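A short write-up of the structure that comes next.
Derivation of every value follows stated rules applied to the coordinates shown; laboratory data play no part. Remember, it's a predicted structure, so these values are computed and weren't measured experimentally. Every residue, glycine as well, gets a Cβ built from its backbone with ideal geometry; the counts of neighbours run over all protein chains shown.
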């Protein structure tokens, strides 16, 4: 798949919260996934698809998503960007949050090999 | 300046169309600037601040900007993203266009060393 095809598929799948299907079909096994920060102070970088699967499981188990707006994609060369605006409640703390961030993705040989998440700071 | 400070300054300056001031104060002399494509089929990559200055001059000489919405920034580590929605008329062709794209910027030692522009494709 081209970068644009992968990008459009990410948008299609995340719009229906199909994070696992996205992972299984679009991600390289050696994916590098980088968060802005971690809650427990551990490394923001996760390497390998099993680690990213762990993050996805944690998210679906701990977060109740009320609504998610997925905008884009923006595409050029081997890179694409998707914007996520998510209204979510942390099931443990009961905190309701409005998250706004972009994912910056890098594609190689039709698979996502790197993703970085950047929260909105304005 | 931190990545976040550079990012906020880019947003502040581009909101008032101060592209030249952004270039003079925030860009590294060895900046690498990458467009999605070029109109004349030349390389989409420009290296060095003089080349980027040339692109900026071309833009301001050839485009009449009716309105520009600048959203973000989104920031993590050495990277930030800004979204541009610009309503513009090409002075030569008289074509009016609504451009929507993101800039993905990389910061090193307080200066922008790389920028990539990704048009919206949805």
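Key figures for this structure:
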| item | result |
| --- | --- |
| Test: residue B:62 is away from chain A (no Cβ under 14 Å), farther than 19 Å from residue B:21 by Cβ, out of contact with any strand residue (DSSP E or B) (no Cβ under 9 Å at 6 or more places or on another chain) and without any contact (Cβ under 8 Å) to a residue 60 or more places away in the chain | no |
| Selection count, segment A:5-51, where residues are in contact (Cβ under 8 Å) with a residue 40 or more places away in the chain, in a helix (DSSP H, G or I) and surrounded by 17 or more Cβ atoms within 10 Å (Cβ to Cβ) | 8 |
| From the options B:20, B:16, B:8, residue that is away from chain A (no Cβ under 14 Å), on the phi < 0 side of the Ramachandran plot and out of contact with any helix residue (DSSP H, G or I) (no Cβ under 8 Å at 6 or more places or on another chain) | B:16 |
| Lone unmet requirement of (1) touching a helix residue (DSSP H, G or I) at 6+ places or on another chain (Cβ under 6 Å); (2) surrounded by 12 or more Cβ atoms within 10 Å (Cβ to Cβ) for residue A:100 | (1) |
| Scope segment A:112-122; condition more than 12 Å from chain B (Cβ to nearest Cβ) and surrounded by 18 or more Cβ atoms within 10 Å (Cβ to Cβ); matching residues | A:112 |
| Residues being under 11 Å from the mean Cα position of the chain (by Cα) and within 19 Å of residue A:109 (Cα to Cα) - total across segment A:12-26 | 2 |
| Selection within segment B:82-95 - surrounded by fewer than 16 Cβ atoms within 10 Å (Cβ to Cβ) and under 13 Å from the mean Cα position of the chain (by Cα) | B:85 |
| Residues located in segment B:87-111, provided they are closer than 24 Å to residue B:39 by Cβ and away from chain A (no Cβ under 14 Å) | B:87, B:88, B:89, B:90, B:91, B:92, B:93, B:94, B:95, B:96, B:97, B:98 |
| Residue match in segment B:68-81 (condition: surrounded by fewer than 12 Cβ atoms within 10 Å (Cβ to Cβ) and away from chain A (no Cβ under 14 Å)) | no |
